[in-house]
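Just below is one structure, and these are the notes that go with it.
Nothing in this text is a laboratory measurement; each read-out follows from the coordinates by a stated rule. Note that the structure is a prediction, hence the values are computed from the model and not measured. Here Cβ is always computed from backbone atoms with ideal geometry, including for glycine, and neighbour counts include all displayed protein chains.
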């Protein structure tokens, strides 16, 4: 009965988590002497409403640019979640995908774009597959905890990228970076400059559709979900649990590698030593917030993209440090990871209100 009051159905814990995180972050602002209404208004304006100029992209389109890697990465992480795996290595898989894509992008020359661009993207996907596949193979054959192995592989990925960019692949110049990729490997934009919205958004949407079909309309998706819900029952039913772990990690890594490829081929067009802002780790929160639903993941990615894109204008306009966004994200993770908090605070409170109203009406009668 209570559930009918929540028109978002099973999505209400995520919505409640976001609202509670925003409320607590507002409390932090009040304590530190800032105006939360002005801050959130500036955040919304910076993320959605600011018009573009001759030198500045339109706010909403730039938010979509920021949301694109979140969406692709969170979809990959969610595949691991569905199988009962916690892929902490999305950042490392992102790095390795970027390294492979940019290497193909500037080392391979003389190809037409319709060959070179798909080849560069495929290199990024393959690198993500290999990097996540190592953890998946260790899980399947040695029952090594994927949390530990993927974290360790992150550090190895950082070291490999740092070595390659500062060594064999370094461009002649002061800043450590690779040479620019060939024009034939550039992932083009959807709109004319200064807009940066690119075809990676279309790839991300296609990945979301593919994720839905895989998890809800295929035997493999059912197999992954069964293993994630109860691996002992799945093994009793004849499912190869270890093989499913490997497949899930490979698919997860493929999407994370794709995210790295999209970032460097569309935006950077070369690879610096540090080219992300923690997309791989933030996307874990996006995946948790989306709860395995591609629409929920897309909305969560848009939320995080809006916070990333609007934080600069919030700091400039309202005088609130953009570090408050990290506070909001941290609270979101806490409430999503502990859904009982949101249930106790909101649902039980709402239930008490509903019970009191008939009692009050009966007393008046």
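Miscellaneous remarks
- Estimated FRET transfer efficiency (residue 162, residue 237; beta-carbon r; R0 41 Å; 0.05): 0.35
- Taking other Cβ atoms within 10 Å as a rough exposure proxy, 86, 60, 275 sort from fewest to most as 86, 60, 275.
- The chain - percent relative contact order, Cα under 8 Å, separation 6 or more: 34 percent
- Sites residue 337 and residue 109 - FRET efficiency at Förster radius 41 Å, r taken between beta-carbons, to 0.05: 0.30
- Between the helical axis of 12-31 and the longest alpha-carbon principal axis of the chain there is an angle of about 90 degrees.
- By the count of other C-beta atoms within 10 Å, a proxy for reagent exposure, 215, 249 are ordered fewest to most as 215, 249.
- The ranking of 207, 256 by Cβ neighbour count inside 10 Å, starting from the fewest, reads 207, 256.
- Extended-chain gain in nm, criterion 0.36 nm per residue less alpha-carbon gap, residue 175 and residue 143: 7.3 nm
- Rounded Å value of the spacing that divides the Cα centres of region 90-154 and region 261-323: 20 Å
- Whole-Å semi-axes of the chain's equivalent ellipsoid (Cα gyration tensor): 37, 29, 18
- Calculated FRET value between residue 30 and residue 155, using beta carbons and R₀ = 41 Å, to 0.05: 0.55
- In terms of its C-alpha gyration tensor, region 5-105 comes out oblate, because a/c is 1.5 or above while a/b does not outweigh b/c.
- Global geometry of region 149-254, whether rounded, prolate or oblate, following the gyration tensor of its Cα atoms and the 1.5 cut on a/c: oblate
- Peptides 229-238, 118-127, 191-200 ordered by average Cβ neighbours within 10 Å, highest first: 118-127, 191-200, 229-238
- Between 0 and 90°, nearest 10: helix 219-229 axis offset from the chain longest Cα axis: 60 degrees
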